[in-house]
Amino acid sequence: MGILERIPELACPFCKGPLEEQAERLDCAACNRHYAIRNGIPCMLGDDLLAFAQEVAVQDRVAVEYEQKRYADPYSRRYHSWWTDQMLGLVRTDGRILDNGCGIGLLFEKIPPKQIVGLDLSSEMLAKAARLSDQLIQGNSQELPLKDNSFDLVFCRSLLHHLPQPERAVREMYRVLRPGGEMVSVDTNASILSALPRKLANRGRHFSEEHQNLTRRRLVQMLEPWFTIDHVRYFGYIAYPLLGFPDLMHIFRFIPFKSLAEALLMFIDEVLSRLPVIRTQSWGILIKATKTQGV
Ligand SMILES: C[S@@+](CC[C@H](N)C(=O)[O-])C[C@H]1O[C@@H](n2cnc3c(N)ncnc32)[C@H](O)[C@@H]1O
Ligand SMILES: [Zn+2]
């Protein structure tokens with residue numbers, strides 16, 4: 001089966017024109033650009049491969065840590081699974097889905113992979129995601145190589161704060177969603193609690209210079225011109241740094257009675273997320289929105 005049969009939504013990232021499939025290559029008949037297909041994954045970056053070279057290098061290096069630490073450690077895995085389920089609980093997942101910035105493909109374990117197209121900048125992330133999916137694209141979220149009005153749902157899990165121009169990515173998600181389509185985003189919440197540790201972490205080798213700590217206000221401001229915001233939820237307090245990121249800081253390994261500690265930490269986070277004012281001091285923010293008609 002050819003790539004255009006597996007991912008009929010593919011389009012030229014530059015002119016959004018239709019593509020023709022040749023052996024190991026996609027051609028844009030409209031602007032005459034060519035895109036290589038490597039190991040079944042079309043590389044739709046064009047000149048962006050150079051423009052995003054630093055982020056690609058960082059993410060290519062981090063991919064192995066995601067696979068061997070973040071999503072391999074049983075406690076971290078369960079923690080990420082827990083709040084991914086909270087995202088999934090907010091949307092309908094029976095249509096065509098884009099996992100924007102899919103990383104190594106955590107979501108493909110939760111939704112039938114045939115329904116999801118995974119897009120990422122990093123070929124190393126995609127190489128790991130390929131164990132679960134044959135609908136992968138190497139592309140740039142700020143210039144999606146996808147047709148207008150072609151998806152029912154877009155997931156955007158920890159992507160926007162990596163982008164130099166997240167507003168462009170939001171507009172692109174709007175463009176590729178069908179009328180009434182939904183998007184769900186999980187991103188940073190710049191709070192007193194998270195500001196200093198994030199500043200220190202950003203100096204590390206896991207982050208490029210583009211990496212930001214977005215606020216709720218900024219996130220809402222970028223979404224509002226295109227989406228109706230249905231739901232905003234703060235999440236991640238004490239459990240978030242202790243359980244979720246063994247690749248960055250593995251403090252949990254020193255804590256005794258791990259299963260009990262894990263349950264307790266998650267319970268405390270749940271309670272904090274309901275307390276007025278305190279809940280705003282979270283590490284993360286989850287937003288579910290619907291494409292506004294006729295913008
Ligand atoms: C924090 S990771 C999250 C990965 C995945 N969504 C998850 O939750 O495990 C951010 C991902 O965004 C990707 N990314 C960064 N900039 C991108 C861009 N301009 N276009 C597409 N993907 C990008 C990175 O390669 C990385 O896989
Ligand atoms: Zn083109």
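If residue 182 meets every condition in (1) open to solvent by 30 Å² or more (accessible area, probe 1.4 Å); (2) within 16 Å of ligand 2 (Cβ to nearest atom); (3) closer than 18 Å to residue 292 by Cβ apart from one, which number is that one?
(2)
Report the residue count in the stretch 48-92 for those that are of a type in the set (Phe, Trp, Tyr) and away from ligand 1 (no atom under 11 Å from the Cβ).
3
Test residue 59 against the stated conditions and say whether it is surrounded by 15 or more Cβ atoms within 10 Å (Cβ to Cβ) and within 25 Å of the chain's Cα centre (by Cα).
On the way: surrounded by 15 or more Cβ atoms within 10 Å (Cβ to Cβ): yes; within 25 Å of the chain's Cα centre (by Cα): yes.
So residue 59 passes the test.
Do any residues in the stretch 30-55 that are in contact (Cβ under 8 Å) with a residue 40 or more places away in the chain have Cβ atoms under 7 Å from those of residues that are surrounded by fewer than 12 Cβ atoms within 10 Å (Cβ to Cβ) and not in a strand (DSSP E or B), where the two are at least six apart or on different chains, and which pairs are they?
Pairs that qualify, where the first residue is in contact (Cβ under 8 Å) with a residue 40 or more places away in the chain and the partner is surrounded by fewer than 12 Cβ atoms within 10 Å (Cβ to Cβ) and not in a strand (DSSP E or B), are 54/209.
Out of the residues in the stretch 118-142 that are within 15 Å of residue 97 (Cα to Cα) and crowded, with 19+ Cβ neighbours inside 10 Å, state the one that is farthest from ligand 1 (Cβ to nearest atom).
135
If I ask for residues that are within 16 Å of ligand 1 (Cβ to nearest atom), of a type outside the set (A, V, I, L, M, F, W, C) and either open to solvent by less than 70 Å² (accessible area, probe 1.4 Å) or at pLDDT 95 or above (or both), which ones from the stretch 7-47 would you list?
Passing the criteria: 9, 13, 35, 42, 46.
Give the stretch 68-87 a look and list any residue that's closer than 30 Å to residue 289 by Cα and open to solvent by 30 Å² or more (accessible area, probe 1.4 Å), or say none. Let's see the steps before the verdict.
Within the stretch 68-87, the first condition is being closer than 30 Å to residue 289 by Cα, and the residues that meet it are 70-71, 75-87.
Answer for the stretch 68-87, where residues must be closer than 30 Å to residue 289 by Cα and open to solvent by 30 Å² or more (accessible area, probe 1.4 Å): 75, 77, 78, 81, 82, 85, 86.
Output the residues belonging to the stretch 234-259 that are within 27 Å of residue 217 (Cβ to Cβ), surrounded by 21 or more Cβ atoms within 10 Å (Cβ to Cβ) and not aromatic (Phe, Trp, Tyr).
Matches in the stretch 234-259: 236, 239, 244.
Does residue 152 count as of a type in the set (D, E, K, R) and touching a Lys or Arg at 6+ places or on another chain (Cβ under 9 Å)?
Numbers: of a type in the set (D, E, K, R): yes; touching a Lys or Arg at 6+ places or on another chain (Cβ under 9 Å): yes.
Here the answer is yes, as residue 152 does meet what is asked.
Condition test on residue 88, is it more than 16 Å from ligand 2 (Cβ to nearest atom) and either modelled with pLDDT under 95 or within 22 Å of residue 112 (Cα to Cα) (or both)?
Taking the combined requirement at face value, the residue satisfies it.
Scanning the stretch 90-102 for residues that are more than 23 Å from residue 52 (Cβ to Cβ) and within 17 Å of the chain's Cα centre (by Cα), which turns out least open to solvent (accessible area, probe 1.4 Å)?
So the residue we want is 97.
Note down all Cβ pairs under 6 Å where the first residue falls in the stretch 80-102 and is under 23 Å from residue 8 (Cα atoms), the second is open to solvent by 20 Å² or more (accessible area, probe 1.4 Å) and part of a helix (DSSP H, G or I), and they're at least six residues apart or on different chains.
So the pair list comes out as 97/115.
The values are calculated or read from the model by the stated rules, or taken from the named source; none is laboratory data. Note that the structure is predicted; figures quoted are calculated from it, not measured. All Cβ positions, glycine included, derive from the backbone under ideal geometry; neighbour counts span all protein chains shown. Keep in mind that these areas ignore ligands, DNA and RNA; they rest on the heavy atoms of the full protein, side chains included. Shrake-Rupley method; radii C 1.70, N 1.55, O 1.52, S 1.80 Å.
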